[in-house]
Structures are given as structure tokens and as C-alpha cells.
Amino acid sequence: MAAVSVGSAAAALVAFDTVQPRIVLIGLPLSDSADDELATHFAATGTCGVIVATADWAQAAGTAALDAGADDVVAKPLRLDDLAARLRALARRIDVLPMASLAPSGNTLGVAADDQPRITVDATRRCLVGPTGERTLLTEAELSALETLLDAKGASVSREWLGRVALRRLIRVDDRSVDQLVMKLRRKLTSQGVSARAILSARRQGYVIPEPALFRATVSGAIPAAATAAPGVAGLSRAPQRPEKVTLQ
């Protein structure tokens, strides 16, 4: 398949559903997104490999990209022979190891449940509460989206419905507001030690929380009673410097 290049994170989100790439190459810095957010978003789909290109590959940006879910990080300026070899290697791994299922069984987040810190969704105070009591505030839209996904009890929720419930408006086919909302919500979850894969993308369907029991609530109502959440490492974000490109292949 021929490569498709776009000039922004927003354009990459639009192109993703059409192209259905096997591998996404993200060039940092991005003009319209924190550097690690797009890698987290595409990695969480479970349907493609992710490579990040950055001049800061050995420092914060490279570490943040790997923590965010990227499969590989390459140094800029790019050496085409090195990039081609890395693309071939990742393609081989994708062929051998199937991408993540949207209907997994057991603990899909990779850590024994008994060792995981609890994450609480406090709907009254509109925040996430970490295992040591630290709080992360949620917007009204983020809380509505999270409650709606948890209400689905492991089933996928369409972008259109999330738009109506969380953003309170109709979502056009080319409108990526819901995707941006989910990216921000994933970022807040990772800041509390929850894997970004707690919310998965269901291609051409919407989004799903495959294990809603990983969350608990301090109030009765929409959010299911919970157990534990997987620890993760929140990505480091840097102020964008010069817009780069995202390539889907």
C-alpha cells in the first residue's frame, strides 16, 4: 500500500479510518497535539504499529513516545535505509503477532490485578482520584464520555452517540471532536497510573472500555463498581516547535 502523508494530528485522525494503515510514522514535534498523545491514540487501537521520529529520541521525547505505546523511535534527521529496515522489522512483527483483540479475556492490561492501584471516578467532584488520593479534574464532557463508556459494560459506543451525550451536538463524519476528547481523557487516565489501553478504539464503531470493572465510583449511579487499574507511565509533553508530518502506510 502506498504511503499517505498528512500535516497535522487532526488530519491524521481523519485519514486513519480511510487508510486503515498497518504502520503509522509520526514526526515530532506536532503543531496541534502534545507529542505523545497521537502515539497513545494509535497504539490503543490495537490495529497498527507506531513509529515516532524525533530529534530528541535519546532524551525526553523518545522516552515519552515509548511510554505512550510507540513500537519504535527513530532519530532525526532520518536515514532512509535505517527507516526502511525498521519499517520492515515492524511489519514482520505485526505479521507474526496478531494485533490486540477488542474482546479480550482476563486481565488485558498486563499486570496482576492484586498488584494494581485503585482508580476512583468521583462524579460529584468531577475528578479522577488516584491510589494515594491525588486528584485529576475532568471536564463535564470528559466525565460524560467516561460514564457513557462504562455504562456500555464492555460494548462499543459510537462516536455519534458520544458526541450527542458528551458534546451535546451532532457529529459529522469528518468531525474529530470525539477523538480529541478521548485523547485528552486517555492522557488524564495515564496521569493517574491507568494504561491508555483502558479505552480502546473500535474501528468504524467508536470506543470501548473492555474491562469496566477496572474503575470504581464514590457515588451510586452510572459507573459500575470496580476493582483495580493497571499502572502506566504518563507521557512527557513538550511545547511544539515546528510542525511535522504523520505518515500512514
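FYI, it's all coordinate maths here, none of it is from the lab. Predicted model only: the values in this text are computed from it and were never measured. For neighbour counting, all protein chains shown are included, and Cβ atoms are generated from backbone atoms with ideal geometry for every residue, glycine included.
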Report summary line: Calc'd 3J(HN,Hα), the stretch 131-147, phi into Karplus 6.51 cos²θ - 1.76 cosθ + 1.60 (θ = phi - 60°), Hz, glycine/Pro = x, comes to x, 9, x, 5, 10, 10, 5, 10, 6, 4, 5, 5, 5, 4, 5, 5, 4
Requested in this report: Mind listing the long-range amide H neighbours of Arg22? Cut-off is under 5 Å, sequence gap 5 or more, other chains count too, H placed in the peptide plane at 1.01 Å from N.
Outcome: Gln249
Report task. Tell me which residues come under 5 Å, amide H to amide H, from Ser31 once H is placed; ignore anything under 5 positions away on its chain. Result -> Ala9, Glu244
**Report entry** Ratio Rg/Rh [Cα only; Rh per Kirkwood] for the stretch 117-217
**Finding:** 0.95
Report summary line: Of 124-136, 68-80, ordering from highest average Cβ density within 10 Å down gives 68-80, 124-136
Query - Sequence ranges 161-171, 42-52, ranked by mean other-Cβ count within 10 angstrom, highest first - result: 42-52, 161-171
Requested in this report: Grab the alpha carbons of the stretch 1-54, take their convex hull, and tell me the volume per residue in Å³.
Outcome: 71
